[in-house]
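Peer 1: Next up is a structure, given as structure tokens.
The values are calculated or read from the model by the stated rules, or taken from the named source; none is laboratory data. Being a predicted model, the structure only gives us computed values, none of them experimental. Cβ placement follows ideal geometry from the backbone for every residue including glycine, while neighbour counts extend to all protein chains displayed.
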Amino acid sequence: MTQIVGKYSTGGFEAMRFHTSDAARRIGLKLSRVGSVLAQSRHLPSSLLRTFVFVGCLLFLTQPTPTLGQASDSETMTFATQEGHVEFRSSVPLHSFTGSSDALNGRIVFADSTVDFYVDVTTLKTGNGKRDKDMRKTLDAKQFPFAEFFGKLTTPFDPESTEPQLASVTGAFSIHGISHELTVNGTLLLDGDTLRLKAAWEISNKAYGIRPPKLLIMKVDDIQEVSIDVEMQRANS
């Protein structure tokens, strides 16, 4: 029998991929051969003979070119979000504060292990308007409006698991017009069509040319803690 094994979306039109079993192909060959033999008989209507041969040929032609194997579900999954949560934590003597945004855009494509997340730094809020204004100035937000991480997933992922799975991504983090390679560790949890990602890493202000203004804070730790907590939905790849 002809079985539907998947679907994809192209240019707004939904198409179906079909797979015909080897058994169906063999049946098609037999039907076409028998039909050819019967075509020499005068005991059957010519219209019925043509239909018989046509069905056999159709089953044969719908068989796709044999492949070495079918892609697993984890190799075709894509997940995306535009509402991820990103947070940074900054410390000064006897005090610390956090800045966060719920406008993190992200995408994970398991077909090529691509991981890409970015956020508009002007959406980061610390709960203090003056501090937010100084932060945007420090980050040169008009010239460098985005912070981004782009890399490749280097650990395997099991789509059948219902438990959080350790994930490691190696790539480049860019902010303030400067990019450095790093490895980020976290967890992935698949629940139906929702993939949750949690991860954390640290960055150095000096490494990215970030110099907080002296009027804002006199001494700020060079190391900033960054974390993300994202729920992504399955997308059409």
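Peer 1: Quickly run through the stretch 184-211 and pick out the residues that are of a type in the set (S, T, N, Q) and either touching a Cys at 6+ places or on another chain (Cβ under 6 Å) or within 30 Å of N236 (Cβ to Cβ) (or both). Lay out the reasoning, then the answer.
Peer 2: Going residue by residue through the stretch 184-211, those that are of a type in the set (S, T, N, Q) are 185, 187, 194, 204-205.
Of everything in the stretch 184-211, those that are of a type in the set (S, T, N, Q) and either touching a Cys at 6+ places or on another chain (Cβ under 6 Å) or within 30 Å of N236 (Cβ to Cβ) (or both) turn out to be N185, T187, T194.
Peer 1: Just a yes or no: is a residue in the stretch 148-155 assigned to a loop (DSSP other than H, G, I, E, B), closer than 30 Å to N236 by Cβ, modelled with pLDDT of 95 or more and touching a helix residue (DSSP H, G or I) at 6+ places or on another chain (Cβ under 7 Å)?
Peer 2: As a first pass, look at the stretch 148-155 and keep what is assigned to a loop (DSSP other than H, G, I, E, B): 154-155.
Next cut, closer than 30 Å to N236 by Cβ only: 154-155.
With the extra rule that they be modelled with pLDDT of 95 or more, the set shrinks to 154-155.
Filter once more, so that each one left must be touching a helix residue (DSSP H, G or I) at 6+ places or on another chain (Cβ under 7 Å): none.
Scanning the stretch 148-155 turns up no residue that is assigned to a loop (DSSP other than H, G, I, E, B), closer than 30 Å to N236 by Cβ, modelled with pLDDT of 95 or more and touching a helix residue (DSSP H, G or I) at 6+ places or on another chain (Cβ under 7 Å).
Peer 1: Further question: Given the criteria in a loop (DSSP other than H, G, I, E, B), surrounded by fewer than 16 Cβ atoms within 10 Å (Cβ to Cβ) and either modelled with pLDDT of 95 or more or assigned by TED's automatic domain parsing to the domain that holds E83 (or both), does E160 qualify? Steps first, answer last, please.
Peer 2: On the way: in a loop (DSSP other than H, G, I, E, B): yes; surrounded by fewer than 16 Cβ atoms within 10 Å (Cβ to Cβ): yes; either modelled with pLDDT of 95 or more or assigned by TED's automatic domain parsing to the domain that holds E83 (or both): yes.
Yes: the conditions hold for E160.
Peer 1: Another question, then. Which of (1) touching a Lys or Arg at 6+ places or on another chain (Cβ under 7 Å); (2) surrounded by 15 or more Cβ atoms within 10 Å (Cβ to Cβ) does D193 not meet, given it meets every other one?
Peer 2: Evaluating D193 over (1) touching a Lys or Arg at 6+ places or on another chain (Cβ under 7 Å); (2) surrounded by 15 or more Cβ atoms within 10 Å (Cβ to Cβ) leaves (2) as the failure.
Peer 1: What number of residues within the stretch 202-212 satisfy the criterion of being in contact with a Ser or Thr (Cβ under 8 Å, 6 or more places away or on another chain) and either surrounded by 15 or more Cβ atoms within 10 Å (Cβ to Cβ) or closer than 14 Å to A147 by Cα (or both)?
Peer 2: Of the stretch 202-212, the ones in contact with a Ser or Thr (Cβ under 8 Å, 6 or more places away or on another chain) are 210-212.
Going one step further and asking which of them are either surrounded by 15 or more Cβ atoms within 10 Å (Cβ to Cβ) or closer than 14 Å to A147 by Cα (or both), we end up with 210, 212.
Count: 2.
Peer 1: Another question, then. Given the condition under 24 Å from T76 (Cα atoms), charged (D, E, K, R) and either touching a helix residue (DSSP H, G or I) at 6+ places or on another chain (Cβ under 6 Å) or part of a loop (DSSP other than H, G, I, E, B) (or both), answer yes or no: does some residue in the stretch 169-191 qualify?
Peer 2: Scanning the stretch 169-191 turns up no residue that is under 24 Å from T76 (Cα atoms), charged (D, E, K, R) and either touching a helix residue (DSSP H, G or I) at 6+ places or on another chain (Cβ under 6 Å) or part of a loop (DSSP other than H, G, I, E, B) (or both).
Peer 1: Name the pairs: first residue in the stretch 182-209 and closer than 11 Å to L166 by Cα, second residue of a type in the set (A, V, I, L, M, F, W, C) and not in a strand (DSSP E or B), Cβ to Cβ under 9 Å, at least 6 apart or on different chains?
Peer 2: Pairs that qualify, where the first residue is closer than 11 Å to L166 by Cα and the partner is of a type in the set (A, V, I, L, M, F, W, C) and not in a strand (DSSP E or B), are L188/F157.
Peer 1: Any chance you could count how many residues in the stretch 113-146 are touching a strand residue (DSSP E or B) at 6+ places or on another chain (Cβ under 8 Å) and either in contact (Cβ under 8 Å) with a residue 40 or more places away in the chain or not small (G, A, S) (or both)? Working first, answer last.
Peer 2: Residues of the stretch 113-146 that are touching a strand residue (DSSP E or B) at 6+ places or on another chain (Cβ under 8 Å), as a first pass: 113-121, 123-128, 131-132, 135, 139, 144-146.
Of the ones still in play, those that are also either in contact (Cβ under 8 Å) with a residue 40 or more places away in the chain or not small (G, A, S) (or both) are 113-121, 123-126, 128, 131-132, 135, 139, 144-146.
The qualifying residues number 21.
Peer 1: In this structure, is T187 closer than 18 Å to T114 by Cα, touching a Pro at 6+ places or on another chain (Cβ under 8 Å) and β-branched (V, I, T)?
Peer 2: Values: closer than 18 Å to T114 by Cα: yes; touching a Pro at 6+ places or on another chain (Cβ under 8 Å): yes; β-branched (V, I, T): yes.
Spelling it out, T187 is indeed closer than 18 Å to T114 by Cα, touching a Pro at 6+ places or on another chain (Cβ under 8 Å) and β-branched (V, I, T).
Peer 1: Please specify each residue of the stretch 73-131 satisfying the condition of being basic (K, R), surrounded by 15 or more Cβ atoms within 10 Å (Cβ to Cβ) and modelled with pLDDT under 95.
Peer 2: Restricting attention to the stretch 73-131, the residues satisfying the condition of being basic (K, R) are 89, 107, 125, 130-131.
Those left that are additionally surrounded by 15 or more Cβ atoms within 10 Å (Cβ to Cβ): 89, 107, 125, 131.
If the condition is that a residue be basic (K, R), surrounded by 15 or more Cβ atoms within 10 Å (Cβ to Cβ) and modelled with pLDDT under 95, then R89, R131 are the ones that fit.
Peer 1: The conditions are (1) farther than 16 Å from K198 by Cα; (2) loosely packed, with under 15 Cβ neighbours inside 10 Å, and T138 fails exactly one of them. Which is it?
Peer 2: Failed condition: (2).
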